[in-house]
Amino acid sequence: MQASTHLIKGNLEVKISKRRDLPCFREFKERKSTLTRNLCIRRGSICSGLSSGAVSMGAELARARDNVETVARSLIKFRSVKGGDVEDLAPINPHETSTGTVLPFVGVACLGAILFGYHLGVVNGALDYLSKDLGIAQNAVMQGWVVSTLLAAAAVGSFTGGALADKFGRTRTFQLDAIPLIIGAVLTAIAQNVQTMIIGRLLAGIGIGITSAIVPLYISEISPTDIRGALGSVNQLFICIGILAALVAGLPLSRSPVWWRGMFGLAVIPSILLALGMTYSPESPRWLFQQGKISEAEKSIGTLYGKERVPEVMYELRTAGQGSTEPEAGWIDLFSKRYWKVVSVGSALFFFQQFAGINAVVYYSTAVFRSAGIASDVAASALVGASNVFGTVIASSLMDRQGRKSLLITSFSGMGASMLLLSLSFTWKVLAPYSGILAVVGTVLYVLSFSLGAGPVPALLLPEIFASRIRAKAVALSLCMHWISNFVIGLYFLSVVDKFGISVVYLVFAAVCLLAVLFMAGNVVETKGRSLEEIELALNPTT
């Protein structure tokens with residue numbers, strides 16, 4: 001019996017022999033040895049070798065093994081850093097997942113994503129009608145301000161969202177964010193002049209800028225590692241749903257021209273639900289741990305994953321160690337040698353996302369579809385929106401199997417090929433008889449390719465690759481790049497098209513997609529299947 005017991009211990013020691021110099025595994029050995037001694041005291045028949053029958057000895061041995069394995073399961077799945085990458089150890093229990101209590105809170109956070117999409121899309125169908133009511137039907141400049149004020153304000157909101165999330169926590173920031181979202185929706189709904197409308201759009205823009213930063217941040221920090229990709233991509237899915245909701249909300253406009261006020265007013269409902277839902281949602285355990293609120297972090301972990309996983313997750317947080325040894329980073333730290341490379345990758349992802357032409361395609365899709373004989377603006381928008389939703393659903397199922405990096409490369413490759421097809425459909429005379437069909441096919445393929453990776457992955461990947469002490473601010477900085485790029489594209493796209501032609505512009509977008517593929521192949525790390533703490537140790541091995 002002693003030989004059998006030693007055999008179990010030997011097998012466990014073989015699994016960790018390559019990592020026995022790490023402090024965490026020294027602790028593992030000490031805990032294992034202590035447990036073994038306790039087992040010997042409690043189960044003297046095993047250690048003394050007393051004969052109690054083969055069945056009895058087998059049962060005792062099984063119980064001893066189960067106790068040792070329980071300790072092992074409570075420890076983090078450690079991995080070593082090698083050449084800037086992560087080398088996997090076999091997971092102790094790869095099939096153990098706890099998602100039942102996480103999903104409702106992810107759903108509450110995604111109300112912010114719905115508002116993101118809804119406020120982006122609501123003005124498109126309503127612009128002509130509100131312009132007549134507010135007296136700016138002949139003033140293209142003021143109409144442009146009504147549209148673009150939201151984007152400029154969102155850049156400000158995303159930049160401040162990180163600081164608010166660090167100071168007040170994720171859930172409280174959601175609640176604070178509901179204030180400008182509600183006021184902005186009300187002002188735009190009751191506006192009697194363009195000044196009130198612009199103020200309302202300004203407040204709504206600040207609100208969706210903040211949500212664009214904290215929704216992916218919160219989801220990534222509360223999601224179990226093995227399904228974090230799928231849950232993170234839900235953010236993009238709900239943005240698409242929000243855009244479609246704005247489209248559907250605009251259908252009654254043909255019968256009631258004043259319905260545009262109701263369209264803007266509807267945004268109040270999810271804003272209130274978001275504030276109420278976050279009252280009952282647990283705070284991010286990682287943020288609580290970093291604030292030194294250990295008991296609250298343990299309570300949050302129990303709510304999210306179950307009480308049985310509290311020791312495991314707390315051990316994982318302690319292993320990362322940064323929350324307890326370093327203060328939260330300041331803005332200047334983002335540009336330090338230690339973090340600048342990873343921060344620049346985050347900003348580049350959103351730069352490529354926007355300058356690869358997604359908004360330009362959406363803006364120009366109606367004209368493209370009309371050239372193919374599809375005269376209905378609603379039908380054109382619905383086809384683009386449905387393609388976006390369909391691709392995002394596919395991406396959700398692939399995120400944790402194919403990985404983030406491979407989806408990004410596949411996505412930008414498909415976008416580049418689609419842009420090339422769109423460009424050629426406008427210029428090659430041999431394709432002239434099929435130009436309308438090719439334009440529609442190219443647009444749909446582009447949107448599908450975008451939704452497979454370039455759309456959902458950046459917002460998911462950034463909270464994963466940023467260290468805990470810079471995560472909120474770095475995400476906010478990257479989202480600021482998103483909104484600035486979006487604003488520039490929206491402001492200058494039509495002017496550039498008028499000067500150079502749509503074919504040349506689409507060709508430039510195709511070149512940007514190619515540059516994006518090369519950049520991501522050399523600079524983006526794969527994060528699937530790794531906890532946030534493991535990723536942090538991999539990218540910052542000296543911390």
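The values are calculated or read from the model by the stated rules, or taken from the named source; none is laboratory data. It should be emphasised that the depicted structure is a prediction, and the values quoted were computed from it without experimental measurement. All Cβ positions, even for glycine, are placed from backbone atoms using ideal geometry, and neighbour counts span all protein chains on display. We work out accessible area using only protein heavy atoms, side chains counted, and drop any ligands, DNA or RNA first. Shrake-Rupley method; radii C 1.70, N 1.55, O 1.52, S 1.80 Å.
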Inset, instruction - Please determine, by comparing only the residues of the stretch 83-134 that are under 18 Å from the mean Cα position of the chain (by Cα) and open to solvent by 60 Å² or more (accessible area, probe 1.4 Å), which one is modelled with the highest pLDDT. - result: Pro104
Legend entry - Where Gly169 falls short, out of the listed (1) over 30 Å from Lys299 (Cα atoms); (2) in contact with an Asp or Glu (Cβ under 6 Å, 6 or more places away or on another chain): (1)
Legend entry - Leading residue by the ranking (nearest to Phe519 (Cα to Cα)) among those in the stretch 407-448 that are polar (S, T, N, Q) and either more than 26 Å from the chain's Cα centre (by Cα) or surrounded by fewer than 17 Cβ atoms within 10 Å (Cβ to Cβ) (or both): Ser413
Inset, instruction - Can you tell me which residue within the stretch 259-281, out of those that are touching a Gly at 6+ places or on another chain (Cβ under 9 Å) and within 13 Å of Pro104 (Cα to Cα), is most open to solvent (accessible area, probe 1.4 Å)? - result: Gly277
Legend entry - Residue check, Glu221 among the charged types (D, E, K, R) and open to solvent by 10 Å² or more (accessible area, probe 1.4 Å): no
Legend entry - All positions within the stretch 406-453 that are under 25 Å from Glu526 (Cα atoms) and among the polar types (S, T, N, Q): Ser406, Thr410, Ser411, Ser413, Ser449, Ser451
Legend entry - Hits in the stretch 287-306 (condition: farther than 14 Å from Glu221 by Cβ, without any contact (Cβ under 8 Å) to a residue 60 or more places away in the chain and small (Gly, Ala, Ser)): Gly292, Ser295, Gly302
Inset, instruction - List the number of the failed condition for Phe426; all other conditions in (1) in contact with a Gly (Cβ under 9 Å, 6 or more places away or on another chain); (2) within 17 Å of Val393 (Cβ to Cβ) hold. - result: (2)
Inset, instruction - Kindly indicate whether Val378 is open to solvent by 60 Å² or more (accessible area, probe 1.4 Å), assigned to a helix (DSSP H, G or I) and at pLDDT 80 or above. - result: no
Legend entry - So Leu461, is it of a type in the set (A, V, I, L, M) and out of contact with any Gly (no Cβ under 9 Å at 6 or more places or on another chain): no
Inset, instruction - Take the residues in the stretch 160-200 that are modelled with pLDDT under 95 and basic (Lys, Arg), then tell me which one is surrounded by the most Cβ atoms within 10 Å (Cβ to Cβ). - result: Arg170
Inset, instruction - Considering each of Ser478, Ser485 in turn, give the residue that is surrounded by fewer than 23 Cβ atoms within 10 Å (Cβ to Cβ), of a type in the set (S, T, N, Q) and assigned to a helix (DSSP H, G or I). - result: Ser485
Legend entry - Filtered residue count, the stretch 497-530, keeping only those that are small (Gly, Ala, Ser), within 20 Å of the chain's Cα centre (by Cα) and over 17 Å from Gly416 (Cβ atoms): 1
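For Ser495, indicate whether it is in a helix (DSSP H, G or I) and outside the structural domain of Val234 (by the TED database).
On the way: in a helix (DSSP H, G or I): yes; outside the structural domain of Val234 (by the TED database): yes.
So Ser495 fits the description; yes.
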